[in-house]
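Working notes, beginning with the structure itself.
The values are calculated or read from the model by the stated rules, or taken from the named source; none is laboratory data. Everything numeric here is computed off the predicted structure, so don't read it as measured data. No Cβ is skipped: glycine too gets one built from the backbone with ideal geometry, and neighbour counts run over all protein chains shown.
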Amino acid sequence: MKENEAYRPDFPAEQWTDQERFLLGPFVSDLDGFISVLRNLPPEIVGALCSRASRASGSLVRILHDEYLKPIIDSDPKLGEELKATIESLNTHGFKNILNNQRAQSFYVKWLSQYGDDSIAQMTGTHVAFWGISQVAMKYLEDQRIGLEPIEKSTRYVSFAKKIGGNYLYYTPKPDLEKLGLLAEYKTALDNLFEEYAALIEELKVWLKANYEEKEGVLEKKAFDTLRGMLPMATLGQVGFRGNAQALEYAVNRMAAHELGEFRWIADTLKGELDKEIPSLLLRLQDEKSKQYQEYLGHRMQITRDFVKATYADLVPADEATPATGPVVKLVEYDADAEEKVIAGILYAASHAGWETSLMKAKKLLPEEKEKLLGAYMHGRTARWHKVGRAFENSYVRFDILMDIGAYRDLHRHRMMTQERQLFSVRHGYDMPQEIAWAGLEERYRAALESIVPLFKKLEASSPELAQYVVPLAYRVRFQQYQNLRQFFWEAELRTGPQGHPNYRFIEQEKFRLLKEKLPLISKAMIVDMNDYSFARRGTEEAILAKEEKLRNRLRGKGE
């Protein structure tokens with residue numbers, strides 16, 4: 001819709017020469033926008049390109065030109081001419097005009113749009129590159145668990161200190177802020193955050209260089225990682241999605257009537273770009289039924305939140321005192337019969353007995369018999385990437401977690417479970433990396449984070465959804481995870497590795513400690529790293545621990 005165009009990100013898009021437009025035309029649906037469908041490319045190139053989203057400072061489309069197309073033109077005259085001829089043909093005709101595309105489109109019109117056979121919408125899809133959407137929008141899109149596979153721009157390994165077109169990279173919901181009379185205050189507050197972020201990066205790099213024996217590039221990324229908590233949720237990032245048509249249709253439906261204008265703009269723009277590539281698969285989005293569905297999806301939580309606030313006022317504040325610092329993990333639900341159910345699952349799959357018989361047998365086994373059976377089931381498993389069997393899906397656990405938003409972003413990627421979070425806010429305080437205090441930057445770091453609180457409260461009074469944009473990543477978010485034990489194995493073993501971020505490593509270690517008390521037999525089979533590292537590192541465990549001890553001794557010698 002035209003009114004949603006006012007919520008388009010307000011920063012310059014990529015600038016292209018005529019030659020660059022010629023080369024990119026067949027492969028990108030919109031060279032002048034922020035959402036583009038990638039097309040007519042070999043799967044390996046698209047996959048490699050989207051994988052660059054996490055570390056790239058520029059757009060994926062720029063990388064496609066600079067690293068995949070231009071080198072061929074520049075380095076191999078013969079192959080370059082062949083590439084130009086192919087591109088010329090694609091620009092003139094395109095596969096859709098050459099192949100019998102009308103037959104395929106009529107098939108989807110009949111079986112998907114008219115008869116509602118959703119399974120065929122899972123048989124095709126496309127890749128979409130989003131360049132310049134907020135962290136709020138990115139997390140909402142990534143909440144979809146099935147059918148969308150994202151890779152997003154990292155806040156750990158990439159600096160956001162540089163301006164583009166004279167502005168820092170953050171989203172401004174201008175129409176809403178103008179209506180509230182807060183536009184100037186919003187820009188001042190976020191500019192100040194980014195300016196202090198940029199200044200502290202340089203100061204922290206000096207301290208890191210004096211205290212860590214690592215390469216300069218590693219220390220630079222450590223500075224980005226340590227200070228990312230200063231970045232607000234309005235920070236503009238990049239994400240590449242591979243999605244099937246059914247999931248992309250649902251993404252549009254989820255955002256089309258949302259309270260936030262940025263979401264509605266994304267829905268409109270995404271639909272427009274997808275129509276250039278897979279129009280017959282999205283025809284239902286124009287139906288009256290879809291419009292009603294969009295209204296339901298867009299407003300249900302807003303209506304529910306208002307009802308809870310008016311009816312159960314005691315639940316709106318935190319239900320307990322928020323700790324001054326540090327994450328909190330609680331095991332709030334587990335199955336007392338979990339180990340017997342896992343054993344029953346093993347017996348069931350390995351025999352011809354029914355479930356009730358298998359469970360009854362499992363409950364009669366002695367502890368040493370259970371351990372031997374589980375040992376046989378896990379025989380040969382020596383690494384965490386050796387997936388455990390489905391017997392572990394027969395029992396679930398629920399954790400209530402309070403942790404910094406920055407590290408939450410990593411755990412949020414474990415989509416194949418039930419995860420439900422509350423709105424991003426300043427209500428639960430924030431965390432401060434220990435390196436900030438060691439480097440003598442604590443006072444400035446705290447002042448920057450706390451400077452945003454008055455603006456947050458003004459925005460929250462009008463719209464809790466809108467207030468999310470100004471929340472820095474160091475503030476904590478409360479969320480729950482409800483996962484079966486197989487999912488728990490995968491997440492805990494992966495996220496406690498030495499290369500993981502210390503913040504989410506603590507969460508997974510604490511989850512393991514809590515579960516170990518309740519389910520010792522199951523926990524015994526897990527490959528969890530319980531060591532403490534101040535720095536996400538790679539290498540052998542012995543070498544990493546030796547480096548950590550050396551650093552601690554140096555800091556102790558300085559009285560730190």
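When the criteria are applied in full, residue 427 meets the requirement of being more than 19 Å from the chain's Cα centre (by Cα), touching a residue at least 12 places away in the same chain (Cβ under 8 Å) and outside any helix (DSSP H, G or I). When region 215-254 is filtered for residues that are touching a Leu at 6+ places or on another chain (Cβ under 8 Å) and of a type in the set (D, E, K, R), the ones remaining, listed by number, are 222, 228, 242, 249, 254. Of all the numbered requirements in (1) within 22 Å of residue 266 (Cα to Cα); (2) touching a residue at least 24 places away in the same chain (Cβ under 8 Å), residue 65 misses one, and that requirement is (1).
Quick check: is even one residue across region 490-501 within 16 Å of residue 386 (Cβ to Cβ) and among the small types (Gly, Ala, Ser)? Checking region 490-501: at least one residue is within 16 Å of residue 386 (Cβ to Cβ) and among the small types (Gly, Ala, Ser).
Of the helices (runs of 4 or more DSSP H) lying entirely inside region 451-499, those containing at least 2 residues that are in contact with a strand residue (DSSP E or B) (Cβ under 9 Å, 6 or more places away or on another chain) are 485-495. Taking the criterion of being within 25 Å of residue 186 (Cβ to Cβ) and among the aliphatic types (A, V, I, L, M), the residues of region 414-455 that qualify are 423, 426, 432, 447, 448, 449, 452, 453, 455. Output the residue which, of all residues in region 148-184 that are aromatic (Phe, Trp, Tyr) and assigned to a loop (DSSP other than H, G, I, E, B), is nearest to the chain's Cα centre (by Cα). Among them, the one singled out is 157.
Cβ-Cβ distances below 8 Å connect the following pairs, each with a first residue in region 219-243 that is closer than 24 Å to residue 260 by Cα, a second residue that is buried (at least 24 other Cβ atoms within 10 Å of the Cβ) and among the basic types (Lys, Arg), and a separation of six or more residues or different chains: 237/153; 238/153; 239/153.
Looking across region 45-68 at every residue that is polar (S, T, N, Q) and surrounded by fewer than 17 Cβ atoms within 10 Å (Cβ to Cβ), the one that is nearest to residue 133 (Cα to Cα) is identified as 57. Kindly indicate the residue of region 378-408 that is under 17 Å from residue 496 (Cβ atoms) and charged (D, E, K, R) and also surrounded by the most Cβ atoms within 10 Å (Cβ to Cβ) among those meeting that condition. Of everything passing the filter in region 378-408, 384 is surrounded by the most Cβ atoms within 10 Å (Cβ to Cβ).
In region 226-241, what residues are in a strand (DSSP E or B) and more than 14 Å from the chain's Cα centre (by Cα)? Residue satisfying the conditions is 232 alone.
Residue-wise test of (1) assigned to a helix (DSSP H, G or I); (2) at pLDDT below 90.
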| site | (1), (2) |
| --- | --- |
| 289 | yes, yes |
| 294 | yes, no |
| 303 | yes, no |
| 317 | no, yes |
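Kindly indicate the residue of region 386-411 that is in contact (Cβ under 8 Å) with a residue 12 or more places away in the chain and assigned to a loop (DSSP other than H, G, I, E, B) and also nearest to residue 513 (Cα to Cα) among those meeting that condition. Looking at the filtered set, the residue picked out is 395. Scanning region 411-431 for residues that are of a type in the set (Ser, Thr, Tyr) and surrounded by 15 or more Cβ atoms within 10 Å (Cβ to Cβ), we see that the one that is farthest from residue 142 (Cα to Cα) is 430. Looking only at region 174-189, residues that are closer than 17 Å to residue 5 by Cβ, of a type in the set (Asp, Glu) and in contact with a helix residue (DSSP H, G or I) (Cβ under 8 Å, 6 or more places away or on another chain) come to 1 in all.
In the condition set (1) more than 26 Å from residue 3 (Cα to Cα); (2) assigned by TED's automatic domain parsing to the domain that holds residue 58, residue 252 is compliant with all but (1). Entry remark, region 10-36: residues being in contact with a strand residue (DSSP E or B) (Cβ under 6 Å, 6 or more places away or on another chain), crowded, with 21+ Cβ neighbours inside 10 Å and not polar (S, T, N, Q) number 3 in total. Quick check on my filter: what residues within region 272-287 are out of contact with any Asp or Glu (no Cβ under 9 Å at 6 or more places or on another chain) and either part of a helix (DSSP H, G or I) or surrounded by 15 or more Cβ atoms within 10 Å (Cβ to Cβ) (or both)? Answer for region 272-287, where residues must be out of contact with any Asp or Glu (no Cβ under 9 Å at 6 or more places or on another chain) and either part of a helix (DSSP H, G or I) or surrounded by 15 or more Cβ atoms within 10 Å (Cβ to Cβ) (or both): 275, 277, 278, 279, 280, 283, 286. Somewhere in region 256-269, is a residue among the charged types (D, E, K, R), over 30 Å from residue 128 (Cα atoms) and not in a loop (DSSP other than H, G, I, E, B)? Taking every residue of region 256-269 in turn, none turns out to be among the charged types (D, E, K, R), over 30 Å from residue 128 (Cα atoms) and not in a loop (DSSP other than H, G, I, E, B).
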